[in-house]
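Enquirer: Before we start, here is the structure in question, set down as structure tokens.
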Amino acid sequence: MQTVGKPAGSPDPKRHLWVLGLIAPASALLPSQLVLHTGAPVFWWIGPIIVLIAIPVLDWVVGEDGSNPRDEDYELLSNDRYYRWCTYLFLPVQLIGLIIAAAMWAGDELSFVDKLGLAATLGFVSGIGINAAHELGHRVEHLERWLAKIALAQSGYGHFFVEHNRGHHVRVATPDDPASARLGESLWEFLPRSVIGGFRSALPLERDRLARKGHGWWSVHNHILQAWSMTLVLFGGLVAAFGWRALPWLLLQAVIGIGLLETVNYVEHYGLLRAKRPNGHWERCSPRDSWNSDRLVTNIFLFHLQRHSDHHANPGRRYQTLRSSQVAPQLPAGYASMILFAALPPLWRAVMDHRVLAHYGGDVTLANIQPRKRRRILAAYGATV
């Protein structure tokens, strides 16, 4: 049950918890010290340990968030710069961790397995860094939009800045959106479709924007080239400082980060389809078109990304003002748990397919169905083809 109010005289009962979101990038600073003081090499894998084990357990123990901001506190919360600094500080911590890791990858002190664990940790930081870029990239302030591109540099996923805002938010929960997973589509089918589709979508979107402003593709105003240039400078600088031996690990952590981000995309809209107006156009995105979760720990860890239904219905809202919607379809667990389910397609289908069907009142024809499995899925639920 959600409560709406002003507890303990504060418009945000979680105000002092948001700095805990910095645990994610800080996890890249921890492995060497934890291994040094404990002698346990498992701590090179601290990123996956936190995200895939600690967070799901804490989500289960702590439970639901249970609070929503009041309408009258919206402006106060939106204009409070404390919340912006919680996302700004993500970036220097993230970059310092990457520099330390590059030095270790280039050296001979770590075994191959230890370097692999460190790459996994940095990859998880990279993926969560895309979420920080997601929050910053939705803002209209030039500073925050530049910071979004910097946050994307570690993953090399700079075109996300364009595709997410002008592609995904326009086409979400439709068959035209590569980042909206379809009923019957496994994570492993979805990943290449979303990665390739997002890339192919971003290029014409940015080309058309530049053309409207009278600029060519090779322009300093090109958002994609700006973001990709930051990755080249970052990776080039690290290779120049520490040598070519760091490069394969830099690339690996970027791939892991992209995989984590796209797995979250898979969870957020699985099987959901916007209704159409009588004129054949898609209806405006509503809270019913995104899966919602309100587990407190993951809410803090991901800056309210789980309140995804409100984010898509009101993309201009800053993370601290997002609300958990009761009309949205609800996930059975937090994102950290759901990405584990997604990795095992039979388990995912057992957990989610009946929830998609229930969301549409038993009418599977209203869902966003994987085209090549459509006949089979309709037949399984007794619907006409």
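The values are calculated or read from the model by the stated rules, or taken from the named source; none is laboratory data. Only a predicted model underlies this, so the values are computations on that prediction, with no experimental measurement involved. Note that each Cβ is placed from the backbone with ideal geometry, even for glycine, and that neighbours are counted across all protein chains shown. We work out accessible area using only protein heavy atoms, side chains counted, and drop any ligands, DNA or RNA first. Shrake-Rupley method; radii C 1.70, N 1.55, O 1.52, S 1.80 Å.
Enquirer: Need the C-alpha centroid separation for region 267-329 versus region 207-255, integer Å.
Expert: Here the two parts' Cα centres lie 31 Å apart.
Enquirer: Restricting to DSSP H runs of at least four residues, report the calculated mean residue ellipticity at 222 nm for the chain, -39500 (n - 2.57) per run over all residues, nearest 500 deg cm²/dmol. Before the final figure, lay out each step's value.
Expert: Details: 18 runs with 207 residues, N = 385.
Rounded to the nearest 500, the figure is -16500 deg cm²/dmol.
Enquirer: A further question on this structure: Only helices at least 30 Å long along their axis, Cα-based, and averaging 1.0 or more on Kyte-Doolittle count here, so list those DSSP H runs from the chain.
Expert: Those that clear 30 Å and a mean of 1.0 are 247-269.
Enquirer: Working from the alpha-carbon coordinates of region 115-212, get Rg over Rh, Rh being the Kirkwood radius.
Expert: Values: Rg = 14.5 Å, Rh = 14.5 Å.
On the Cα set of region 115-212, Rg over Rh gives 1.00.
Enquirer: What whole-number volume per residue, in cubic angstrom, does the convex hull of the C-alpha atoms of the chain give? Intermediate values should be presented prior to the final figure.
Expert: Details: hull volume 60.7 nm³, N = 385.
About 158 Å³ per residue, rounded to a whole number.
Enquirer: Could you give the length gained by full extension between THR38 and GLN330, i.e. 0.36 nm per residue of separation minus their alpha carbon distance, to one decimal place?
Expert: Working: separation 292, 0.36 × 292 = 105.12 nm, distance 4.04 nm.
Gain in length upon complete extension: 101.1 nm.
Enquirer: Within 13 Å, Cβ to Cβ, of ARG374, how many net charges do the neighbouring residues add up to if Lys/Arg are +1 and Asp/Glu are -1?
Expert: In short, +4.
Enquirer: Using the Karplus curve 6.51 cos²θ - 1.76 cosθ + 1.60 with θ = phi - 60°, work out ³J(HN,Hα) for each residue of region 372-383 in order, rounded to whole Hz, and write x for Gly and Pro.
Expert: So the Karplus estimates, Gly and Pro as x, are 6, 10, 4, 4, 5, 5, 4, 5, 4, 9, x, 8 Hz.
Enquirer: How many percent of the accessible area of region 97-235 is carbon or sulfur, using a 1.4 Å probe?
Expert: Values: 3640 of 5340 Å².
So the carbon and sulfur contribution to the accessible surface is 68 percent.
Enquirer: Ranked from the most accessible area to the least, with a 1.4 Å probe and all protein chains present, what is the order of GLU109, GLU64? Can you show the working numbers first?
Expert: Details: GLU109 155, GLU64 100 Å².
I get GLU109, GLU64, largest accessible area first.
Enquirer: Distance in nm between label sites at TRP188 and TRP85, each 7 Å beyond Cα in the beta-carbon direction?
Expert: 4.7
Enquirer: First select every other residue whose beta carbon is under 11 angstrom from the beta carbon of GLU135; then total the charges, Lys and Arg +1, Asp and Glu -1. Before the final figure, lay out each step's value.
Expert: Details: positive: ARG84, ARG139, ARG317, ARG318; negative: GLU144.
Summing Lys/Arg as +1 and Asp/Glu as -1 gives +3.
Enquirer: Semi-axes of the equivalent ellipsoid for region 171-294, please: Cα gyration tensor eigenvalues, times 5, square-rooted, ordered largest first, whole Å. Before the final figure, lay out the partial values.
Expert: Values: eigenvalues 213, 102, 23 Å².
They are 33, 23, 11 Å, listed from largest to smallest.
Enquirer: To continue, here is another question. In whole Hz and in residue order, list the ³J(HN,Hα) couplings for region 291-300 that follow from phi through the Karplus curve 6.51 cos²θ - 1.76 cosθ + 1.60, θ = phi - 60°; x for Gly and Pro.
Expert: These are the phi-based 3J(HN,Hα) values: 6, 10, 9, 10, 6, 4, 4, 5, 4, 5 Hz.
Enquirer: How would you order 322-329, 128-135 from highest to lowest mean count of nearby Cβ atoms within 10 Å?
Expert: Numbers: 322-329: 20.0, 128-135: 26.9.
Highest mean packing first, the order is 128-135, 322-329.
Enquirer: Using amide H atoms built in the peptide plane, which far-off residues or other-chain residues are under 5 Å from ILE369 H to H?
Expert: So ILE369 has HN proximity to LEU183.
Enquirer: For LYS373, go through the lysines and keep the ones whose alpha-carbon is under 30 Å away, minus same-chain ones fewer than eight residues off.
Expert: Those lysines meeting the cut-off are LYS276.
Enquirer: Can I ask one more? Which FRET efficiency value, to the nearest 0.05, do you get for LEU116 and ASP363 by plugging their Cβ-Cβ distance into 1/(1 + (r/R0)^6) with R0 = 51 Å? Let's see the in-between values first.
Expert: On the way: r = 46 Å, r/R0 = 0.91.
Step by step, r from the Cβ atoms, then E = 0.65.
Enquirer: For region 253-385, what is the relative contact order in percent, using Cα pairs closer than 8 Å and at least 6 residues apart in sequence?
Expert: 22
Enquirer: In a GNM of the chain with a 10 Å cut-off on Cα contacts, which of PRO31, PRO192, PRO178 has the highest mean-square fluctuation?
Expert: Maximum fluctuation in the GNM of the chain, among the listed residues, is at PRO192.
Enquirer: Ok, one more. Where the only charges are on Cβ atoms (+1 Lys, Arg; -1 Asp, Glu), what is the dipole of region 172-316 about its Cα centre, to the nearest 20 debye?
Expert: Computed about the Cα centre, the dipole is about 320 debye.
Enquirer: Next up: So, for the chain, what is the accessible surface per residue at a probe of 1.4 Å, expressed in square angstrom? Mind showing how you got there, number by number?
Expert: On the way: 16670 Å² over 385 residues.
Heavy-atom accessible area per residue stands at 43 Å².
Enquirer: Okay, next question. Based on the Kirkwood radius over alpha-carbon pairs, what is the Stokes-Einstein translational diffusion coefficient of region 1-121 at 10 °C with 1.306 mPa s viscosity, in µm²/s?
Expert: Details: Rh = 16.9 Å.
The Stokes-Einstein estimate is 94 µm²/s.
Enquirer: Given that compact globular proteins tend to follow 2.2 N^0.38 Å, what is the ratio of the alpha-carbon Rg of region 159-212 to that value?
Expert: Here the answer is 1.15, to two decimals.
Enquirer: Give the long-range amide H neighbours of GLN330: residues separated by 5 or more places, or on another chain, with amide H under 5 Å away, using H modelled in the peptide plane at 1.01 Å from N.
Expert: So GLN330 has HN proximity to ASN292.
Enquirer: Hey, another quick one. Fully extended, how many nm does the chain gain between TRP60 and LEU17 (0.36 nm per residue separation, minus their Cα-Cα distance)? Intermediate values should be presented prior to the final figure.
Expert: Numbers: separation 43, 0.36 × 43 = 15.48 nm, distance 1.80 nm.
The span from TRP60 to LEU17 would gain 13.7 nm if fully extended.
Enquirer: Please report the carbon-and-sulfur percent of the accessible area for region 248-347; probe 1.4 Å, protein heavy atoms only, DNA, RNA and ligands left out.
Expert: Values: 2110 of 3280 Å².
The nonpolar share, carbon plus sulfur, comes to 64 percent.
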